[in-house]
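Student: To start, I am sharing the structure in question, which I have written as structure tokens.
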Amino acid sequence: MDKGLLLSLFLILIAWILVISGLYLIAEALVPIGTQGKLSAEIAGTLKVIGAFLLLGSLLYIWFLLTKYLVVRIKTKS
Amino acid sequence: MNLTIILAAILMVGYLSTELLLRLFIPRLKSAGILGEDIHKPDKPKIAERGGYALVLGIIITQIVVSVAVRQIQKYSLILLCSTLIAAIVGSLDDMIDLGGKLKPLLSLLSGLPLLTSGLLYPRPVLPLIGRARLHYAYPIAALLLPGVFSNAINMIDVLNGMMASNSIIILLFLSIISILSGNYGGIILTTSLLGPLIGFYRFNKYPAKVFSGNVGSLSIGSCLASIAILGRLEASFAIASVPLLITGFMIITSVGGFKEKKEMKIRPVEVHGNIIKANPDPRAPITLVSLLTLDKGKEEPRIVLESNLLFIISGILALLTYLFLT
């Protein structure tokens, strides 16, 4: 079984989920900005956007650590 | 005029002009000594470098034909051309004077300026699970950044014979299918306008390569692809179809600790033994798409390119499924 190809496929599936959820999170968080006009809504919207980016950043970093772990594991076993 | 005839004409103009230009360019590049070493072959042959100039000229000719033949998207075609030309200038500078790992990505961000200043941006993209979103502030920022980001991402996969061209062709084919399904007339024309030059280039760049694109070619293609996605309103589909590109870019940047040129990397991601390419066993080696595909066993160059194409086809299918069922 080709572990390299399988790992790449797995990473693509995870990245697909991340792209969809990332677009969803950011778009949902961005909607209030510039559409409601009130300062409180603008601030809340900005905080939501920052939160969405932080969440996505953390997920991406976890994804990277997982990939690195799997890569090193396959390398040491082969 | 019938859409099928227009598409066939655009495809033929792009393909034939690029093929003809490459036939003219390759002997001249060789005689001028503009050569690059094909490091993944046992005898390390010298191959004509910077064939991307012919590719860019092919794109210019095609876009001029598109803007004359299809008046409705004339402005889009010209903005696409401007963005591609800026990336081509940056790539050309890098080929000549080596801009370095940090200045090149920074300068390539300039290729997003024509999009931002065009007045053609539509900040209401259709996104999965949401439908039509309103991104008044974020969309222009994304439009400014994406051509530069993708030109560098494409540059990172331009490492094996035919890989960059074939992977880009697959992305464009899936974007064309999604454009046809959604009745997106502009999207169909714009995607087809890049397919012709890329197929023409692929003929000479496939294994064993007769020409390399150079940074001038790879940066232009990346910028052109991202501009097509934005101007053709195919943003989400493009993001999903190009997931292997994003993986490569993200993995390289995080594993080498920032933007670095190939020669700046202390440890190479892969090792070459004769015809076989294998991931570097050193755990500190950078992770790239090629090193991922050759993790547990060495493979020949055409096999790796074929497997990378398979990954892009799967991403394209995911983009298609997302469009059909989640949008």
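Any read-out appearing in this document is the output of simple, stated calculations on the displayed coordinates, not a laboratory observation. What you are looking at is a predicted structure, and each value in this text was computed from that prediction instead of being measured. Because the Cβ atoms are built from the backbone with ideal geometry, glycine has one as well, and the counts that use them run over all protein chains shown.
Student: Being more than 8 Å from every other protein chain (Cβ to nearest Cβ), more than 11 Å from A:GLY4 (Cβ to Cβ) and of a type outside the set (Val, Ile, Thr) is the filter; apply it to the stretch B:277-302 and report the residue that is farthest from the chain's Cα centre (by Cα).
Tutor: By that ranking, first place goes to B:ASP282.
Student: Restricting to helices (runs of 4 or more DSSP H) lying wholly in the stretch B:208-327: which have 2 or more residues that are farther than 19 Å from B:ASN161 by Cβ?
Tutor: So the answer is B:214-231, B:235-241, B:243-256, B:301-321.
Student: Out of the residues in the stretch B:89-144 meeting the condition of being in contact with an Asp or Glu (Cβ under 6 Å, 6 or more places away or on another chain) and not small (Gly, Ala, Ser), tell me which one is surrounded by the most Cβ atoms within 10 Å (Cβ to Cβ). I'd like the intermediate steps shown before the answer.
Tutor: Looking only at the stretch B:89-144, we keep the residues that are in contact with an Asp or Glu (Cβ under 6 Å, 6 or more places away or on another chain), and these are B:101, B:104, B:125.
Among the residues that remain, those that are also not small (Gly, Ala, Ser) are: B:104, B:125.
Numbers: B:LYS104: 22, B:PRO125: 24.
So the residue we want is B:PRO125.
Student: Quick check: is even one residue across the stretch B:8-16 exposed (fewer than 15 other Cβ atoms within 10 Å of the Cβ), without any contact (Cβ under 8 Å) to a residue 40 or more places away in the chain and assigned to a helix (DSSP H, G or I)?
Tutor: yes
Student: Moving on. Would a scan of the stretch B:290-307 turn up a residue that is buried (at least 23 other Cβ atoms within 10 Å of the Cβ) and in contact with a His (Cβ under 6 Å, 6 or more places away or on another chain)?
Tutor: Yes: the stretch B:290-307 contains one or more residues that are buried (at least 23 other Cβ atoms within 10 Å of the Cβ) and in contact with a His (Cβ under 6 Å, 6 or more places away or on another chain).
Student: Can you name the helices (runs of 4 or more DSSP H) wholly within the stretch B:46-161 that have at least 2 residues being under 20 Å from B:ASN184 (Cβ atoms)?
Tutor: B:52-69, B:74-97, B:138-157
Student: How many residues, within the stretch B:268-287, are surrounded by fewer than 16 Cβ atoms within 10 Å (Cβ to Cβ) and in contact with a strand residue (DSSP E or B) (Cβ under 9 Å, 6 or more places away or on another chain)?
Tutor: The total comes to 2.
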